[in-house]
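Colleague: Handing you this structure, nothing more for now.
Values quoted throughout were computed directly from the atomic coordinates according to the rules given, and no laboratory measurement underlies them. If you're wondering where the values come from, they're calculated on a predicted model, not measured in any experiment. Reconstructed Cβ throughout: ideal geometry from the backbone, glycine too, with neighbour counts over all protein chains shown.
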Amino acid sequence: MTKPSVLVTRRWPAAVEARLAEDYNTVLNTGDTPMSPAEIRDALKHYDAVLPTVTDTLSAEALDVPTAQTKILANYGVGYSHICEPSARELGMTVTNTPDVLSECTADIAMTLLLMVARRAGEGERELRAGNWTGWRPTHLVGTKVSGKTLGIIGYGRIGQEMARRAHHGFGMDVVIYNRSQVAPDVLAKCNATQVDTVDELLPQCDFVSLHCPGGAANRHLINGRRLDLMKPDAFLINTARGEVIDEHALIQALMFDTIGGAALDVFDGEPRISSDLLQCDNLVMLPHLGSATKEAREAMGFRVIENLNDFFNGKNPRDKVI
Ligand code: DGY
């Protein structure tokens, strides 16, 4: 039997690429650049499976193919808002993602960002590297204590819950959450979390707000100017979810006019392009989408993609089928 043909759109950890090649006719994008809609469209005509990432454009335009050879889009990553859901459904494609295996590492980065912005670690490092540190003094880069403060979590899936675990058990923080659906009492009890009914109810109560909801049209600009105004004037906003969840223009205003304490972002609208206004904000920590960037998580994500492919091509329902 001929092996199914598979296009991997970005380079993966070597161990995963090697395992994939054992069972599939694998084609790698050796240039390791994001694929354009035209390249994706072309790939859909020629491969049984396409294995995209967040950097590939699987828009309605890219998925506008009359007859596709591709039957499964096995995404390398948990978020799949870069895949146009109606178009994938119309083409009868299966879509899978890679949940669980990156939750702890992504929550680690969210906690890193929270600590960095609260304790002004980014500012301190920039000052020191620029040769501007003049020595210890009682009023130098005084930040905000984290322990005992209230953390608001928007989106209480696996990553949100891992963030709560770190904040509550590691730093003694009180946890308030907003989630689309009701969270089971035993899940809330693990971190003594309180669930509120609306984002608007959550924001004014919190010293820190961390976003862990999906991206896509439904949550685009969920945090807009009006909601930023609901935050405490010294509260911090953390985003490791998707850039489009925050209205960046409104955030820049809030940071420039100090209507919130600060923000820390791992994801950006239209990344890797970063607004020059964001770069001017001192009360902002920025990382280049590092949430799942550990050897362990990136390998586990790849092996999870292979598991999904194996299920699919063996006629089973893939474990992580989202469409
Ligand atoms: C994820 O898994 O969603 C990461 O953000 C990379 O896509």
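Colleague: Of everything in the range 1-58, what is part of a loop (DSSP other than H, G, I, E, B), buried (at least 18 other Cβ atoms within 10 Å of the Cβ) and aliphatic (A, V, I, L, M)? Give them in sequence order.
Modeller: Across the range 1-58, the qualifying residues are Met35, Val54.
Colleague: Do the conditions hold for Arg158, that is, is it of a type outside the set (Phe, Trp, Tyr) and under 18 Å from Gly262 (Cβ atoms)? Don't jump to the end; show me each part of the working.
Modeller: Values: of a type outside the set (Phe, Trp, Tyr): yes; under 18 Å from Gly262 (Cβ atoms): no.
Spelling it out, it is not the case that Arg158 is of a type outside the set (Phe, Trp, Tyr) and under 18 Å from Gly262 (Cβ atoms).
Colleague: Quick one: which residue in Asn192, Asn224 is in contact (Cβ under 8 Å) with a residue 24 or more places away in the chain and at positive phi? If you could, list the steps in order and put the result at the bottom.
Modeller: Values: Asn224 fails: at positive phi.
When all the criteria are applied, what remains is Asn192.
Colleague: Same structure, new question: How many of the residues making up the range 93-123 are β-branched (Val, Ile, Thr), surrounded by 22 or more Cβ atoms within 10 Å (Cβ to Cβ) and within 16 Å of the ligand (Cβ to nearest atom)?
Modeller: Result for the range 93-123: 4.
Colleague: Which residue out of Val78, Val142, Val146 is under 14 Å from the mean Cα position of the chain (by Cα) and assigned to a loop (DSSP other than H, G, I, E, B)?
Modeller: Values: Val142 fails: under 14 Å from the mean Cα position of the chain (by Cα); Val146 fails: under 14 Å from the mean Cα position of the chain (by Cα).
Of Val78, Val142, Val146, the one residue that is under 14 Å from the mean Cα position of the chain (by Cα) and assigned to a loop (DSSP other than H, G, I, E, B) is Val78.
Colleague: Still on this model: For the range 149-157, state whether one or more residues are of a type in the set (Phe, Trp, Tyr), more than 16 Å from the ligand (Cβ to nearest atom) and buried (at least 17 other Cβ atoms within 10 Å of the Cβ).
Modeller: yes
Colleague: Does Glu123 satisfy being under 26 Å from Cys105 (Cβ atoms), assigned to a helix (DSSP H, G or I) and under 17 Å from the mean Cα position of the chain (by Cα)?
Modeller: Values: under 26 Å from Cys105 (Cβ atoms): yes; assigned to a helix (DSSP H, G or I): yes; under 17 Å from the mean Cα position of the chain (by Cα): no.
Answer is no for this residue.
Colleague: Something else about it: Might you check whether a residue that is part of a strand (DSSP E or B) and surrounded by 15 or more Cβ atoms within 10 Å (Cβ to Cβ) occurs anywhere in the range 190-203?
Modeller: Here is the first cut: in the range 190-203, the ones part of a strand (DSSP E or B) are 194-196.
Applying the additional criterion that residues be surrounded by 15 or more Cβ atoms within 10 Å (Cβ to Cβ) yields 195-196.
Yes, the range 190-203 contains a residue that is part of a strand (DSSP E or B) and surrounded by 15 or more Cβ atoms within 10 Å (Cβ to Cβ).
Colleague: Continuing with this model, one more query. If you scan the range 159-182, which residues turn out to be crowded, with 17+ Cβ neighbours inside 10 Å and under 23 Å from Ala218 (Cβ atoms)?
Modeller: Ile159, Gly160, Gln161, Glu162, Met163, Ala164, Val176, Ile177, Tyr178, Asn179 - these are the residues of the range 159-182 that are crowded, with 17+ Cβ neighbours inside 10 Å and under 23 Å from Ala218 (Cβ atoms).
Colleague: For the range 85-92, state whether one or more residues are surrounded by fewer than 18 Cβ atoms within 10 Å (Cβ to Cβ), more than 16 Å from the ligand (Cβ to nearest atom) and in contact (Cβ under 8 Å) with a residue 60 or more places away in the chain.
Modeller: Yes; the residues of the range 85-92 include at least one that is surrounded by fewer than 18 Cβ atoms within 10 Å (Cβ to Cβ), more than 16 Å from the ligand (Cβ to nearest atom) and in contact (Cβ under 8 Å) with a residue 60 or more places away in the chain.
Colleague: Follow-up. Of the conditions (1) within 20 Å of Gly315 (Cα to Cα); (2) more than 16 Å from the ligand (Cβ to nearest atom), Val50 clears all except one; give me its number.
Modeller: The failed condition is (2).
Colleague: Looking only at helices (runs of 4 or more DSSP H) that fall completely inside the range 206-323, which ones have 2 or more residues that are of a type outside the set (Gly, Ala, Ser), within 16 Å of the ligand (Cβ to nearest atom) and surrounded by 15 or more Cβ atoms within 10 Å (Cβ to Cβ)? Spell out the reasoning first.
Modeller: Numbers: elements: 225-230, 248-256, 276-280, 295-313.
Passing ranges, in order: 295-313.
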